[in-house]
Structures are given as C-alpha cells and as structure tokens.
Amino acid sequence: RRGARHLIESELDSCLGDLDPEEQVILRLRFWSGLTVAEVARSLGIPQKPLYARLHRYLDKLRRALEARGIAPAEVRDAVCTEGW
C-alpha cells in the first residue's frame with residue numbers, strides 16, 4: 001500500500017508540474033495550504049467568484065491527466081486524503 005501511495009503521489013506531482021504556473025499556485029494554495037477560495041483570491045488579487053470555475057477546470061484537467069496515466073480519482077483520494085477531509 002505504501003508503494004502504491006508513493007507512486008500516486010509521484011504521478012500527482014508530475015501532473016501538477018505539467019500545469020501552467022498560475023494553475024499550480026492556485027491548486028497548491030487551495031488544497032495543499034488549505035486556504036479557502038476567498039483567501040486564495042485575496043492573496044492573489046483576483047476576483048473570488050470566477051475562481052470557483054477556474055478551480056473546477058484545473059481539477060478536471062488534473063483528473064484527466066492522472067486518468068491518462070491509469071490512476072483513478074478514488075486512488076488519488078485514498079492516497080492523499082487524511083481523516084477529516
């Protein structure tokens with residue numbers, strides 16, 4: 001299980017690296033740093049309302065990239081999510 005988790009995390013990092021720098025920053029702030037959408041928008045000086053749609057697009061892009069590598073969304077969720085998410 002540990003090896004599978006490491007592989008999934010590695011693939012996730014690789015797929016994130018393929019995104020545009022702005023997409024990476026927004027996703028990392030939102031999900032890795034745990035900021036709310038409002039906090040991400042404020043910290044980057046961008047409008048909050050359109051950020052929701054952008055996040056959805058970025059996550060969809062990331063999901064498709066992972067699926068192209070044979071990794072299902074449930075596998076990513078199991079590997080990266082901790083109790084309480």
request  = Sort through R57, R42 and tell me the only one that's loosely packed, with under 13 Cβ neighbours inside 10 Å, more than 14 Å from the chain's Cα centre (by Cα) and over 18 Å from V80 (Cβ atoms).
outcome  = R42
task = Filter the helices (runs of 4 or more DSSP H) completely within the chain down to those with at least 1 residues that are free of Cβ contacts under 8 Å to residues at least 24 places away in the same chain and small (G, A, S).
result = 2-17, 37-44, 48-68, 73-80
request  = Could you tell me which residue of region 22-39 is nearest to the chain's Cα centre (by Cα), considering only residues that are under 14 Å from K61 (Cα atoms) and either open to solvent by 50 Å² or more (accessible area, probe 1.4 Å) or of a type in the set (V, I, T) (or both)?
outcome  = I26
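The values are calculated or read from the model by the stated rules, or taken from the named source; none is laboratory data. Here the structure is a predicted model, which is why all the values come from computation and not from measurement. Cβ: placed from backbone, ideal geometry, glycine included. Neighbour counts: every protein chain shown. Quick note on the areas: whole protein, heavy atoms, side chains included, nothing else; ligands and nucleic acids left out. Shrake-Rupley method; radii C 1.70, N 1.55, O 1.52, S 1.80 Å.
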